[in-house]
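The values are calculated or read from the model by the stated rules, or taken from the named source; none is laboratory data. Note that this is a predicted model, so its numbers are computed, not measured. Neighbour counts run over all protein chains shown; Cβ positions are idealised from the backbone, glycine included.
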Amino acid sequence: MHRPLRAGLVAAGLLTTLSGCSPEPEAAPVEAEGYGQTQQGERAYDPGAGWSLSWQDDFTGTALNTGAWNVLTSNWDPVTNNCNFGTSELEFPRAQNVAVANGKLIISAERTADNPTDSRCPGQYRSFYSGRIHTKGKVEGRYGKIVASIKVPPGYGMWPAFWTLGSNIQSAGWPAAGEIDILEWKSTEPTWMKSAVHWHNGGNADWGTGASRGVDLSQDFHTYEVEWTANTMVFRLDKDFVSTATFNHNESEFQQNHYLILNLALGGVWYGNPAPASIDLAWGAKKTMEVEWVRWYQPGGSQSLGLTNAGFEQGMTGWNTWSPNGTATAAFSETYNGGHSGSFHLTHWTSAAPYEAWTYQTKSGLASGNYKLRAWFRKGGTFDFARFQVKNCGDCAPAITNLGTYGNYTLLETPAINVTNGYLEFGLHSKSPAHNGANFIHMDDVELIKL
């Protein structure tokens, strides 16, 4: 989409090698509709063979990870040095409208009679509060597969966006820094993910595309992605709905690092500059853009190796369970329903007494090289330890990923481990001190990757 200006993995340095009129009178407050309370199973996503997860934010805990994200608190953008993001957006971003709760990032928009504006934007009073975050200086990268699971808010005037800007924006300016719009949405075309790129070619150059799956995207979570290489970009909705065109390029703006941006704008040029009164957001109400996770993958030349019963659909075939104290049989099971995919998954839980269990599979005859393990997890409760691990001999020290708490299925991977003897032993090792009905670990869809 053409517009004057809007204004990526692993923390910066790891991936490198890798957006008035007078307010209306206040009415009686309207209760926020489902604010931060959307209940859903996490949107499943598999990048496919050959991709390695370089960075992710699953928005766990109760606060934004400020080691990765910056929060904008003004309608003056200090990165792009303009008011209202160059697109006449009607919102004033602030920290109070950015939250992490229930395993999601929640960016909320609401009307205000405060007439907020930055002193550098005199007289340009905004009619709404909203949120905008970005990763400049913290999470930046070039190329790869960038994807997020997002639920956009319904209603006229809502302009949620997931996008990138070139990291040299402060020196090069826009559009010479380059911009990749992975997702833009508007209510007048609710079934469409709109995507675009902007760069400089003797002036502002634009290219746009989109993907539709024939349903209103504001009614559920969907995945939005770009697969970005040195000479192409492919945009996808829910992985299987590919955009109407592929962007073929060799512009320098897209051969450099970019950073990520998530924001909920209102009105502006995207809607033809509507009056604030026409925006579908009642006084006292909030509308939210919710994000389950953001991930950045890089091509790693990896190879997915077949495992026996990786999704636990054939009982415990191919898997063994060891326990030092004989409690293993009371601590694990192949469980029906509630899996990441298919009908079954592995569960570790505290059924009656303290336990320790190591559920594992072995693989022999492997070529020498580096490997890592991936699987999808949900976990709740308190354990002495809960480890996703891999080791190259029975008595060797394992490469370990310690599990956190995950209300929805979350993709995890172990550190890389070097194999020289052709053997690996891998799986889930947990220990719990006493019976607690809240204690559980679900593991599903295990994958062994050769790097």
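List pairs: first in segment 214-234 and among the charged types (D, E, K, R), second modelled with pLDDT of 95 or more and in a loop (DSSP other than H, G, I, E, B), Cβ under 7 Å, 6+ apart or cross-chain?
Listed pairs, sorted by first residue: ASP216/PRO190; ASP216/THR191.
Restricting attention to segment 199-223, and to residues there that are small (Gly, Ala, Ser) and assigned to a loop (DSSP other than H, G, I, E, B), which single residue is farthest from GLU292 (Cα to Cα)?
The qualifying residue farthest from GLU292 (Cα to Cα) is GLY202.
Could you list, in sequence order, all residues of segment 356-378 that are buried (at least 22 other Cβ atoms within 10 Å of the Cβ) and farther than 29 Å from GLY103 by Cβ?
The answer is TYR371, and nothing else.
Starting from residues that are hydroxyl-bearing (Ser, Thr, Tyr) and surrounded by 24 or more Cβ atoms within 10 Å (Cβ to Cβ), keep the ones in segment 120-148 and report whichever is nearest to LYS239 (Cα to Cα).
Filtering first and then ranking leaves THR135.
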